[in-house]
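Accompanying notes for the structure given below.
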Amino acid sequence: MVLDGRPLQPGFKAHAQRGIGRYAKNLLTALLELLDPARVRFLVQANLPDPELPVAIPRIRAPFFPPIIPVGKKLISYHLFTPLALRPAWRAGQVVHFLSHLDAPSRVGPRTVLTVHDLIAQRLQGLYQGKRTGARFRLERWLETRCLFGAAKIIAVSQCTRNDLAELYGLDPGLISVIPEAADPGLKPEPDPARRAAVLARHGLDQAQPFYLYLGGIDQRKGLDTLLTALKALKARGRPHTLALAGRIEGDRQYPLLLKSIEEQGLKEAVRLLGYVSDAPRWWAMLVYWCRPATRRPWPRPWGPFTTCPSWPPS
C-alpha cells in the first residue's frame, strides 16, 4: 500500500502547518498501527525535506520539475511526474491513498483511494475566484477533480461532502464512504486548575473573564465576521468578552482585512492575537461551547463535553 506522505513535507503547498497536516499525521500514525509496515510505502516529493515518518518505511520519490521554466513547474510535477513515479505500484495492483483529492494527479491508476474534505471552491466561487477569470477558475476546478472519475473508492469526511460529490459530479453514492474526521488524540481536558491557569496566563488571558477561542485559518468562508458581530453585540449589551485568535495567520492574504475589520468595529481591545500556540490541546479544558461560524464547512458534530453554540450571539 502506498500512502501519500507529502502533506507532512515542509514546503508542499501549505499542508504541514494547517489542518490537513495534522490530519495526515494522525491518520498515517494510526494506519501504521493497523498495517504491516513491510507492506507500506510513502509517496514523497523528491526536492523537499523528508517528512517526520518512520525512516524504515521505503519512500517513492516523485521528481519535481527543475526551475528552468518560469511557469508550469507544479502542474508538470503534480500531474506528470507524480503518476510516473506511482506507475510501478499501480501496475503491481497496490492500493494508493491520497489524503486529499487536491493532491492527486488528474489521472490515477487502479485501486486508488481519495479522501475528499470538501468542495468549497465549487460551492462558493464568489469567495474563491478572486481576480482570476471565470474561465481560468473553472479550468482549475476541472483539472483538480479529474481524479474523482478514476478512483476505486472515495472517502468523504461528511455527508455534506458526499452529497456535493453526487450532485456536482454525478458520482455513484455507492462509491463514496463517509468517515468523519475524529478529534485529535491530544485534545482532552486538562484536569489540573493550576495548569489551566498557567496556560491562560502565558497568553495574557484571565480565567475569570469569559472568552472565545478561535483556532484555524481566516479565509472568508471561516465566518470570522460572525464572531466579530457576536463580540460587538455582547459588548453593546454590557457583557464584554474576549476573542482569542490562535494560529499562524499573519501571512494570510486576509490578515490585513481582518485587522481593518477589528478596528472598524471598535474591537481592538477585545481581540487577542495569540499567533501559533504549541499548547493548544490544553485550551480545550476551558471551553464551554464549540462554535462553528463557518459559511459552509462540513464538519462532524463536536466531541466530548463540548457542544455547538446554537445561535449568534449566544443568549
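Only the coordinates and a few stated rules stand behind these numbers; no lab work does. Note that the structure is predicted; figures quoted are calculated from it, not measured. Methodologically, a virtual Cβ is constructed for each residue, glycine included, from the backbone with ideal geometry; neighbour enumeration extends over all protein chains shown.
Some observations on this one:
- Using only alpha carbons, the range 193-286 has a radius of gyration to Kirkwood radius ratio (Rg to Rh) of 0.96.
- Mean projected area in nm² (Cα convex hull; one quarter of hull surface) for the chain: 18.5
- Centre separation in Å (Cα based) which lies between the range 1-60 and the range 76-141: 17
- Most mobile of Leu245, Leu273, Leu224 in a GNM of the chain (Cα contacts under 10 Å): Leu273
- When the Cα positions of Ala201, Leu273, Leu227 are compared along the charge dipole of the range 193-286, Ala201 comes out farthest toward the positive end, with charges on each C-beta of Lys, Arg, Asp and Glu.
- Residue among Asp50, Asp118, Asp36 with the largest mean-square fluctuation in a Gaussian network model of the chain, springs linking Cα atoms under 10 Å: Asp36
- What separates the Cα centres of the range 148-162 and the range 203-217 is a distance of 36 Å.
- If only the Cβ of Lys and Arg carry +1 and only the Cβ of Asp and Glu carry -1, the dipole of the chain around its Cα centre is close to 600 debye.
- Contact order, relative form, for the range 193-286: 34 percent (alpha carbon pairs under 8 Å, 6 or more residues apart, mean separation divided by residue count).
- Two-decimal log10 I(q)/I(0) for the range 20-119, as the Debye equation yields it once each C-alpha is a single scatterer, q = 0.11, 0.14 Å⁻¹: -0.35, -0.57
- Neighbour count of at most 15 Cβ within 10 Å plus DSSP loop: longest chymotrypsin sites (Phe, Trp or Tyr not before Pro)-free window in the chain: 1-275
- Nearest-0.05 FRET efficiency for Arg87 and Leu139, computed from C-beta distance (R0 25 Å): 0.45
- Number of Lys pairs (Cα under 27 Å; 8 or more positions apart or on different chains) in the chain: 26
- Highest-MSF residue in the chain out of Ala194, Ala16, Ala89 [GNM, Cα springs under 10 Å]: Ala194
- Across all C-alpha atoms in the range 2-178, the radius of gyration and Dmax reach 16.2, 48 Å.
- Under 5 Å from the amide H of Thr242 lie the amide H atoms of Phe211, Tyr212, each residue being 5 or more positions distant or on a separate chain, with H modelled from the backbone and absent for Pro and chain starts.
- Simple point charges give the picture: +1 on the Cβ of Lys and Arg, -1 on the Cβ of Asp and Glu, and for the range 193-286 a dipole about the Cα centre of about 260 debye.
- The chain: relative contact order as a whole-number percent, Cα under 8 Å and 6+ apart: 13
- Taking every DSSP helix (H) stretch of at least 4 residues in the chain, weighting each as -39,500 (n - 2.57) and dividing the sum by the residue count yields a mean residue ellipticity at 222 nm of -8500 deg cm²/dmol.
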